[in-house]
Structure formats: structure tokens, C-alpha cells
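See below for the structure under consideration.
The values are calculated or read from the model by the stated rules, or taken from the named source; none is laboratory data. Predicted model only: the values in this text are computed from it and were never measured. Cβ: placed from backbone, ideal geometry, glycine included. Neighbour counts: every protein chain shown. With ligands, DNA and RNA removed, areas are computed over all heavy atoms of the protein, side chains included. Shrake-Rupley method; radii C 1.70, N 1.55, O 1.52, S 1.80 Å.
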Amino acid sequence: MKIVLELFGASRDFNEKGFIDFEIQKPISIEEFRKTINGYLNEKFQGNESFLQTVKNSAFCSEENEIISDNYKITKSQKISIIPPIGGG
């Protein structure tokens, strides 16, 4: 199944297109998906600690615009958004 990760805020630095496509073979939880994203970042950016921390601290949002927890299972092709924390001044 294809998962399109929409990038917002600081995560937009992960890919110039504003999204990343992942091909996943079986249902996956958000917790496991974080690891998949980290694998992509380790490969593309040699383990950039700032990027890895962004993934760790981010919330995820479903196609229905609902914040989803780490135990949410992705069971079909869909769009998932990563919402990094935003620092204020």
C-alpha cells in the first residue's frame, strides 16, 4: 500500500516536493511508521539528529484531519500528515 506523508512546518526540509511516498507491505502503526520515516532520513540525510528529533516530537494527522495516536493502524493506502511542534516567541 502507498502512504503519502504530507510535510508541514520544519518537516518540509525532509523533501522539496512537500511530501514523501512510502510503499508499505502490511498494516503499520504510527509508532512503526515513525521508524520507517527515520530510516528514510538516516539514508537521505546521514542521521541528521535535528530531523530525527522532529519526527520524535511531531503529531500525525489522518485524512479526516484528526490527530492520531502512535497506536493508530494504517491499513490502506492513504495520506498522513506530520505536524511538527511550532516554537513561539
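Think of a 1.4 Å ball rolled over the protein heavy atoms: the range 1-67 then has 60 Å² of accessible area per residue.
What percent does the relative contact order of the chain come to when contacts are Cα pairs within less than 8 Å and at least six residues apart?
Numbers: 141 pairs, mean separation 36.1, N = 89.
Rounded, it is 41 percent for the chain.
For the range 50-89, relative contact order (Cα pairs under 8 Å, six or more residues apart, normalised by length) works out to 48 percent. Kirkwood radius, the range 49-89, all distinct C-alpha pairs, inverse of mean reciprocal distance: 11.4 Å. Diffusion coefficient of the chain by Stokes-Einstein, Kirkwood radius over Cα pairs, 20 °C, 1.002 mPa s: 163 µm²/s.
Once the other residues with Cβ under 14 Å from the Cβ of Asn65 are scored (Lys, Arg +1; Asp, Glu -1), what is the net sum?
On the way: positive: Lys79; negative: Glu6, Glu63, Glu64, Glu66.
Here the charged neighbours net out to -3.
Listed by chain and number, the lysines whose C-alpha is less than 24 Å from the C-alpha of Lys26, apart from same-chain residues fewer than 8 away, are Lys2, Lys35, Lys44, Lys56, Lys73, Lys76, Lys79. Positive-end ranking of Ile24, Gln53, Asn65 along the dipole of the chain, with charges on Cβ about the Cα centre, is headed by Ile24.
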